[in-house]
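What follows is a single structure, written as C-alpha coordinates, with notes after it.
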Amino acid sequence: MLHRTSRRLPPVLGLALVVTVSACGRVSDEREIPKPVIRMVHPSRFDNQDTLSRLRLTGNPHGGAHAGGHGEAALDFDYDKPDHWKVLSPTQFRLVNLEIPAPGGEGDPAECYLSLLPPMAGSADPEFAYIKRWAGQMGQSIEPDAVAKLPTGKLFGRDARLVEFHGTFQGMGGAGKPDYTLLGLVLTAPNQIVTLKMFGPKQLVAAERANFDRVAASLRPKDVGPDGGSGAGDGPTGRLVWTLPAGWREGGSRPMREATLYPGPGDKTECTLIFLSGTAGGRDQNIRRWAGQMSANPPTAAEIDRMPTVLVLGHTVTFAEIAGNYTGMNNETVERALMFGVVCPLDGRTLFIKMVGPADEMAAARQGFLQLCRSLKLEGGK
(Lines give C-alpha, C1' and ligand atoms only; values in the text may rest on other atoms or scores of the structure.)
Protein backbone atom coordinates (compact mmCIF):
# COMPACT_ATOMS: atom_id res chain seq x y z
CA MET A 1 0.00 0.00 0.00
CA LEU A 2 1.47 3.33 -1.06
CA HIS A 3 1.28 5.90 1.68
CA ARG A 4 1.83 9.60 1.15
CA THR A 5 2.45 11.82 4.11
CA SER A 6 1.27 15.37 4.43
CA ARG A 7 4.51 16.21 6.19
CA ARG A 8 6.26 19.38 5.16
CA LEU A 9 9.94 19.29 5.98
CA PRO A 10 11.58 21.84 8.25
CA PRO A 11 13.55 24.46 6.39
CA VAL A 12 17.06 23.12 6.93
CA LEU A 13 18.14 19.60 5.92
CA GLY A 14 21.86 20.00 5.84
CA LEU A 15 19.86 17.15 8.11
CA ALA A 16 7.00 20.39 39.88
CA LEU A 17 4.79 22.11 37.24
CA VAL A 18 4.72 25.80 37.98
CA VAL A 19 2.50 27.71 35.60
CA THR A 20 2.55 31.50 35.70
CA VAL A 21 -1.04 32.62 35.37
CA SER A 22 -2.03 36.23 34.89
CA ALA A 23 -5.35 37.88 34.31
CA CYS A 24 -7.23 36.72 31.25
CA GLY A 25 -6.18 38.24 27.97
CA ARG A 26 -2.86 39.01 26.37
CA VAL A 27 0.30 39.18 28.48
CA SER A 28 1.17 42.79 28.99
CA ASP A 29 4.57 44.28 28.19
CA GLU A 30 5.26 47.75 29.53
CA ARG A 31 8.86 47.99 28.30
CA GLU A 32 9.72 50.26 25.42
CA ILE A 33 10.07 48.30 22.21
CA PRO A 34 13.55 48.80 20.69
CA LYS A 35 14.18 49.96 17.17
CA PRO A 36 13.23 47.06 14.87
CA VAL A 37 15.97 44.77 13.62
CA ILE A 38 14.30 42.69 10.92
CA ARG A 39 15.65 39.20 10.17
CA MET A 40 14.37 36.62 7.76
CA VAL A 41 14.90 32.96 7.07
CA HIS A 42 15.94 31.81 3.63
CA PRO A 43 15.10 28.09 3.57
CA SER A 44 17.91 25.85 2.44
CA ARG A 45 18.84 22.20 2.14
CA PHE A 46 21.94 20.06 2.53
CA ASP A 47 25.06 22.18 2.38
CA ASN A 48 26.69 19.68 0.04
CA GLN A 49 25.05 19.80 -3.38
CA ASP A 50 26.20 16.26 -4.28
CA THR A 51 24.52 14.84 -1.18
CA LEU A 52 21.42 16.89 -1.92
CA SER A 53 21.24 15.45 -5.43
CA ARG A 54 21.78 11.85 -4.37
CA LEU A 55 19.14 12.00 -1.62
CA ARG A 56 16.77 14.09 -3.77
CA LEU A 57 15.87 16.03 -0.63
CA THR A 58 15.28 19.34 -2.36
CA GLY A 59 12.68 22.06 -2.25
CA ASN A 60 11.40 24.85 -0.11
CA PRO A 61 9.21 23.30 2.61
CA HIS A 62 6.82 26.23 2.77
CA GLY A 63 6.60 27.03 -0.91
CA GLY A 64 7.93 30.54 -0.32
CA ALA A 65 10.53 32.36 -2.38
CA HIS A 66 14.24 32.48 -1.74
CA ALA A 67 16.05 35.76 -1.70
CA GLY A 68 16.17 35.63 -5.47
CA GLY A 69 12.40 35.34 -5.64
CA HIS A 70 12.15 31.92 -7.27
CA GLY A 71 9.68 29.53 -5.67
CA GLU A 72 10.64 25.88 -5.14
CA ALA A 73 8.64 22.69 -4.76
CA ALA A 74 7.32 21.64 -1.39
CA LEU A 75 8.50 18.25 -0.18
CA ASP A 76 6.56 15.38 1.34
CA PHE A 77 7.37 11.68 1.73
CA ASP A 78 6.01 8.64 -0.03
CA TYR A 79 6.64 5.12 1.25
CA ASP A 80 5.11 1.66 1.03
CA LYS A 81 3.20 1.24 4.27
CA PRO A 82 2.26 -2.26 5.45
CA ASP A 83 -1.52 -2.45 5.71
CA HIS A 84 -1.61 -3.12 9.45
CA TRP A 85 0.83 -0.36 10.40
CA LYS A 86 -0.78 2.79 11.77
CA VAL A 87 0.16 6.32 10.75
CA LEU A 88 0.49 8.73 13.69
CA SER A 89 0.76 12.51 13.61
CA PRO A 90 4.32 13.72 12.98
CA THR A 91 6.22 15.42 15.77
CA GLN A 92 9.29 17.63 15.85
CA PHE A 93 11.64 14.64 15.78
CA ARG A 94 9.38 12.12 14.00
CA LEU A 95 8.81 13.27 10.43
CA VAL A 96 7.27 9.92 9.53
CA ASN A 97 5.67 8.41 12.62
CA LEU A 98 4.32 4.85 12.60
CA GLU A 99 2.97 2.35 15.11
CA ILE A 100 2.93 -1.44 14.70
CA PRO A 101 0.17 -3.09 16.79
CA ALA A 102 0.87 -6.32 18.63
CA PRO A 103 -1.02 -9.34 17.27
CA GLY A 104 -4.56 -9.30 18.62
CA GLY A 105 -3.81 -6.04 20.39
CA GLU A 106 -2.19 -7.96 23.25
CA GLY A 107 0.98 -6.34 24.54
CA ASP A 108 2.97 -3.23 23.69
CA PRO A 109 3.05 -2.01 20.08
CA ALA A 110 6.31 -1.30 18.27
CA GLU A 111 7.20 2.18 17.05
CA CYS A 112 8.96 3.20 13.85
CA TYR A 113 9.90 6.72 12.84
CA LEU A 114 12.10 8.79 10.53
CA SER A 115 14.24 11.58 11.98
CA LEU A 116 16.52 14.24 10.51
CA LEU A 117 18.90 15.28 13.26
CA PRO A 118 21.85 17.62 13.78
CA PRO A 119 25.20 16.17 14.84
CA MET A 120 25.45 15.88 18.62
CA ALA A 121 27.26 18.82 20.14
CA GLY A 122 30.93 18.10 20.78
CA SER A 123 30.93 14.82 18.88
CA ALA A 124 33.76 14.22 16.38
CA ASP A 125 31.90 11.21 14.96
CA PRO A 126 28.16 12.03 14.66
CA GLU A 127 27.26 8.60 13.28
CA PHE A 128 28.87 6.81 16.21
CA ALA A 129 27.35 9.27 18.70
CA TYR A 130 23.78 8.34 17.73
CA ILE A 131 24.53 4.61 17.53
CA LYS A 132 26.13 4.78 20.97
CA ARG A 133 23.06 6.61 22.30
CA TRP A 134 20.78 3.88 20.95
CA ALA A 135 22.99 1.21 22.53
CA GLY A 136 22.70 3.02 25.85
CA GLN A 137 18.91 3.08 25.55
CA MET A 138 19.05 -0.73 25.39
CA GLY A 139 21.54 -1.12 28.25
CA GLN A 140 24.28 -2.04 25.77
CA SER A 141 27.59 -0.52 24.71
CA ILE A 142 29.50 -0.29 21.44
CA GLU A 143 33.01 0.81 20.50
CA PRO A 144 33.83 3.10 17.54
CA ASP A 145 35.75 0.42 15.64
CA ALA A 146 32.69 -1.84 15.72
CA VAL A 147 30.62 0.66 13.73
CA ALA A 148 32.66 0.17 10.56
CA LYS A 149 31.89 -3.56 10.73
CA LEU A 150 28.13 -3.12 10.94
CA PRO A 151 25.98 -4.37 8.04
CA THR A 152 24.15 -1.90 5.83
CA GLY A 153 20.60 -1.42 4.63
CA LYS A 154 18.96 0.90 2.13
CA LEU A 155 17.56 4.28 3.18
CA PHE A 156 16.65 6.85 0.51
CA GLY A 157 18.43 4.56 -1.95
CA ARG A 158 21.76 4.81 -0.14
CA ASP A 159 23.68 2.44 2.10
CA ALA A 160 23.05 3.20 5.77
CA ARG A 161 24.50 1.57 8.90
CA LEU A 162 22.14 -1.11 10.20
CA VAL A 163 22.15 -1.62 13.97
CA GLU A 164 20.29 -4.10 16.13
CA PHE A 165 20.31 -4.13 19.92
CA HIS A 166 18.49 -6.41 22.36
CA GLY A 167 17.87 -5.73 26.03
CA THR A 168 15.84 -3.51 28.34
CA PHE A 169 14.68 -0.39 26.53
CA GLN A 170 14.87 2.85 28.49
CA GLY A 171 13.23 5.82 26.80
CA MET A 172 12.83 9.38 28.06
CA GLY A 173 11.29 8.79 31.47
CA GLY A 174 9.24 5.83 32.61
CA ALA A 175 10.24 2.32 33.63
CA GLY A 176 12.54 0.19 31.51
CA LYS A 177 10.94 -2.36 29.19
CA PRO A 178 12.70 -5.73 29.19
CA ASP A 179 13.04 -8.12 26.25
CA TYR A 180 12.94 -5.36 23.65
CA THR A 181 14.72 -4.97 20.33
CA LEU A 182 15.90 -1.74 18.72
CA LEU A 183 16.45 -1.85 14.97
CA GLY A 184 17.80 1.22 13.20
CA LEU A 185 19.36 2.68 10.07
CA VAL A 186 21.78 5.60 10.30
CA LEU A 187 22.68 7.64 7.22
CA THR A 188 25.30 10.38 7.44
CA ALA A 189 25.15 13.56 5.35
CA PRO A 190 26.91 16.91 5.77
CA ASN A 191 25.61 18.60 8.93
CA GLN A 192 22.83 16.03 9.19
CA ILE A 193 22.08 12.53 10.46
CA VAL A 194 19.13 10.70 8.88
CA THR A 195 17.74 7.81 10.94
CA LEU A 196 14.94 5.29 10.69
CA LYS A 197 14.36 3.59 14.03
CA MET A 198 12.04 0.81 15.17
CA PHE A 199 11.80 -0.54 18.69
CA GLY A 200 9.36 -2.74 20.55
CA PRO A 201 8.91 -6.22 22.04
CA LYS A 202 11.55 -8.58 20.68
CA GLN A 203 9.16 -11.05 19.03
CA LEU A 204 7.10 -8.30 17.41
CA VAL A 205 10.14 -6.54 15.95
CA ALA A 206 11.46 -9.84 14.62
CA ALA A 207 8.12 -10.55 12.94
CA GLU A 208 8.08 -7.06 11.37
CA ARG A 209 11.71 -7.06 10.21
CA ALA A 210 10.83 -7.53 6.53
CA ASN A 211 8.26 -4.72 6.72
CA PHE A 212 10.86 -2.42 8.30
CA ASP A 213 13.22 -3.14 5.40
CA ARG A 214 10.38 -2.50 2.96
CA VAL A 215 9.51 0.88 4.45
CA ALA A 216 13.18 1.91 4.59
CA ALA A 217 13.87 0.94 0.99
CA SER A 218 10.70 2.67 -0.29
CA LEU A 219 11.09 6.03 1.48
CA ARG A 220 11.35 8.80 -1.07
CA PRO A 221 10.42 12.44 -1.51
CA LYS A 222 7.01 12.96 -3.07
CA ASP A 223 6.95 14.57 -6.49
CA VAL A 224 5.05 17.84 -6.53
CA GLY A 225 4.44 20.60 -9.03
CA PRO A 226 6.71 23.60 -9.58
CA ASP A 227 4.31 26.01 -7.91
CA GLY A 228 5.57 25.13 -4.45
CA GLY A 229 2.32 23.57 -3.25
CA SER A 230 0.84 20.12 -2.95
CA GLY A 231 -2.83 20.92 -3.14
CA ALA A 232 -5.51 22.20 -0.82
CA GLY A 233 -4.60 22.66 2.78
CA ASP A 234 -0.98 23.63 2.22
CA GLY A 235 -1.51 26.56 4.55
CA PRO A 236 -0.09 30.07 4.58
CA THR A 237 3.42 30.35 3.21
CA GLY A 238 6.20 32.86 3.07
CA ARG A 239 9.33 33.84 4.91
CA LEU A 240 9.07 34.11 8.66
CA VAL A 241 10.39 37.50 9.77
CA TRP A 242 10.69 39.04 13.20
CA THR A 243 12.01 41.93 15.26
CA LEU A 244 15.03 40.79 17.23
CA PRO A 245 14.66 41.99 20.85
CA ALA A 246 17.36 44.28 22.21
CA GLY A 247 20.42 42.33 23.32
CA TRP A 248 19.34 39.15 21.53
CA ARG A 249 21.43 37.46 18.83
CA GLU A 250 20.92 34.81 16.19
CA GLY A 251 22.61 31.42 16.24
CA GLY A 252 23.82 29.62 13.17
CA SER A 253 21.69 27.56 10.81
CA ARG A 254 20.40 24.41 12.52
CA PRO A 255 18.53 21.43 11.07
CA MET A 256 14.77 21.32 11.63
CA ARG A 257 14.57 24.95 12.78
CA GLU A 258 13.38 28.20 11.30
CA ALA A 259 15.70 29.96 13.69
CA THR A 260 17.81 29.59 16.82
CA LEU A 261 18.04 32.71 18.99
CA TYR A 262 19.88 33.59 22.19
CA PRO A 263 18.78 36.38 24.57
CA GLY A 264 22.34 37.26 25.54
CA PRO A 265 26.02 36.54 24.91
CA GLY A 266 25.89 33.01 26.36
CA ASP A 267 24.21 29.90 25.02
CA LYS A 268 22.68 28.38 28.16
CA THR A 269 19.31 29.92 27.29
CA GLU A 270 18.08 29.07 23.79
CA CYS A 271 14.97 30.02 21.83
CA THR A 272 13.85 27.96 18.83
CA LEU A 273 11.23 28.50 16.12
CA ILE A 274 10.00 25.38 14.33
CA PHE A 275 7.24 24.65 11.80
CA LEU A 276 5.52 21.25 11.67
CA SER A 277 2.74 20.19 9.33
CA GLY A 278 -0.85 19.79 10.46
CA THR A 279 -1.67 20.16 14.15
CA ALA A 280 1.43 18.15 15.21
CA GLY A 281 -0.40 16.93 18.29
CA GLY A 282 -2.10 20.20 19.18
CA ARG A 283 -1.71 22.63 22.05
CA ASP A 284 -2.53 20.48 25.07
CA GLN A 285 -0.50 17.45 24.05
CA ASN A 286 2.61 19.51 23.37
CA ILE A 287 2.36 21.54 26.58
CA ARG A 288 2.07 18.29 28.54
CA ARG A 289 5.08 16.90 26.67
CA TRP A 290 7.04 20.03 27.58
CA ALA A 291 6.02 19.55 31.21
CA GLY A 292 7.49 16.06 31.03
CA GLN A 293 10.78 17.50 29.76
CA MET A 294 10.79 19.70 32.87
CA SER A 295 10.12 16.75 35.23
CA ALA A 296 6.80 18.38 36.05
CA ASN A 297 3.31 16.98 36.31
CA PRO A 298 1.24 17.39 33.15
CA PRO A 299 -1.33 20.18 33.45
CA THR A 300 -5.01 19.46 33.04
CA ALA A 301 -7.04 20.93 30.20
CA ALA A 302 -8.58 23.41 32.66
CA GLU A 303 -5.13 24.52 33.85
CA ILE A 304 -3.97 25.02 30.28
CA ASP A 305 -7.09 27.05 29.50
CA ARG A 306 -6.25 29.37 32.41
CA MET A 307 -2.72 30.11 31.17
CA PRO A 308 -2.03 33.61 29.81
CA THR A 309 -2.05 34.34 26.11
CA VAL A 310 0.02 36.22 23.55
CA LEU A 311 -0.70 37.40 19.99
CA VAL A 312 1.26 35.46 17.34
CA LEU A 313 0.72 35.93 13.58
CA GLY A 314 -2.75 37.31 14.24
CA HIS A 315 -3.76 34.45 16.54
CA THR A 316 -4.29 34.68 20.29
CA VAL A 317 -2.46 31.61 21.62
CA THR A 318 -1.56 30.11 24.98
CA PHE A 319 1.70 31.16 26.62
CA ALA A 320 3.02 28.31 28.78
CA GLU A 321 5.59 28.95 31.49
CA ILE A 322 6.90 25.82 33.22
CA ALA A 323 9.48 25.50 36.00
CA GLY A 324 11.48 22.41 36.89
CA ASN A 325 14.59 20.44 35.97
CA TYR A 326 14.96 20.23 32.20
CA THR A 327 16.13 17.14 30.27
CA GLY A 328 16.70 17.51 26.53
CA MET A 329 16.74 15.06 23.62
CA ASN A 330 20.44 14.29 24.10
CA ASN A 331 19.95 13.89 27.87
CA GLU A 332 21.45 17.31 28.56
CA THR A 333 20.10 18.68 31.82
CA VAL A 334 19.46 22.11 33.31
CA GLU A 335 18.56 22.21 36.99
CA ARG A 336 16.24 24.91 38.26
CA ALA A 337 15.23 25.74 34.75
CA LEU A 338 12.34 27.63 33.23
CA MET A 339 10.64 27.00 29.90
CA PHE A 340 8.45 29.27 27.78
CA GLY A 341 6.38 27.67 25.05
CA VAL A 342 3.86 28.74 22.43
CA VAL A 343 1.89 26.55 19.99
CA CYS A 344 0.44 28.58 17.12
CA PRO A 345 -1.84 26.61 14.75
CA LEU A 346 -2.05 27.93 11.21
CA ASP A 347 -3.83 26.62 8.13
CA GLY A 348 -2.07 23.33 7.39
CA ARG A 349 0.88 23.70 9.76
CA THR A 350 1.82 24.73 13.30
CA LEU A 351 4.49 27.10 14.56
CA PHE A 352 6.27 26.19 17.80
CA ILE A 353 8.18 28.86 19.73
CA LYS A 354 10.09 27.48 22.69
CA MET A 355 12.76 28.82 25.01
CA VAL A 356 14.47 27.06 27.91
CA GLY A 357 17.36 27.86 30.22
CA PRO A 358 18.35 28.67 33.81
CA ALA A 359 15.47 30.28 35.67
CA ASP A 360 17.27 33.57 36.38
CA GLU A 361 18.25 34.08 32.72
CA MET A 362 14.79 33.10 31.56
CA ALA A 363 13.07 35.52 33.91
CA ALA A 364 15.22 38.37 32.56
CA ALA A 365 14.38 37.37 28.97
CA ARG A 366 10.63 36.91 29.48
CA GLN A 367 9.53 40.25 28.03
CA GLY A 368 11.90 39.83 25.08
CA PHE A 369 10.35 36.44 24.33
CA LEU A 370 6.87 37.96 24.31
CA GLN A 371 8.04 40.84 22.09
CA LEU A 372 9.52 38.31 19.69
CA CYS A 373 6.24 36.40 19.53
CA ARG A 374 4.22 39.53 18.78
CA SER A 375 6.67 40.72 16.11
CA LEU A 376 6.46 37.61 13.92
CA LYS A 377 5.18 38.02 10.35
CA LEU A 378 4.94 35.91 7.21
CA GLU A 379 6.16 37.78 4.15
CA GLY A 380 6.12 36.90 0.45
CA GLY A 381 3.71 33.96 0.70
CA LYS A 382 0.19 33.34 -0.40
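What to note about this one:
- So Arg283, is it at pLDDT below 95 and in contact with a helix residue (DSSP H, G or I) (Cβ under 8 Å, 6 or more places away or on another chain): yes
- Candidates are the residues of segment 116-126 that are within 28 Å of Leu276 (Cα to Cα) and surrounded by fewer than 20 Cβ atoms within 10 Å (Cβ to Cβ); the one that is modelled with the highest pLDDT is Pro126.
- Hits in segment 140-175 (condition: at pLDDT below 90 and either over 20 Å from Leu219 (Cα atoms) or in contact with an Asp or Glu (Cβ under 6 Å, 6 or more places away or on another chain) (or both)): Ala148, Gly171, Met172, Gly173, Gly174, Ala175
- Residues of segment 314-335 classified as aliphatic (A, V, I, L, M) and modelled with pLDDT under 95, total: 2
- Filter result for Arg257 (basic (Lys, Arg), within 13 Å of the chain's Cα centre (by Cα) and farther than 20 Å from Leu338 by Cβ): yes
- Here segment 345-356 is the region considered, the condition is being modelled with pLDDT under 95 and assigned to a strand (DSSP E or B), and the residue that is farthest from Asn286 (Cα to Cα) is Arg349.
- Looking only at residues of segment 113-143 that are hydroxyl-bearing (Ser, Thr, Tyr) and either part of a loop (DSSP other than H, G, I, E, B) or not assigned by TED's automatic domain parsing to the domain that holds His166 (or both), we find that the one that is farthest from Arg254 (Cα to Cα) is Ser141.
- Selection status of Cys344, in the same structural domain as Phe319 (by TED's automatic domain parsing), buried (at least 20 other Cβ atoms within 10 Å of the Cβ) and touching a His at 6+ places or on another chain (Cβ under 9 Å): yes
- Considering the conditions (1) surrounded by 15 or more Cβ atoms within 10 Å (Cβ to Cβ); (2) outside any loop (DSSP other than H, G, I, E, B), Ala146 is excluded by exactly one of them, (1).
- Only one of Gly341, Gly292, Gly266 that is outside any helix (DSSP H, G or I), more than 15 Å from the chain's Cα centre (by Cα) and of a type outside the set (A, V, I, L, M): Gly266
The values are calculated or read from the model by the stated rules, or taken from the named source; none is laboratory data. Computed from a predicted model, the values in this text were never measured in an experiment. Glycine also receives a Cβ, built like all others from the backbone with ideal geometry; neighbour counts cover every protein chain displayed.
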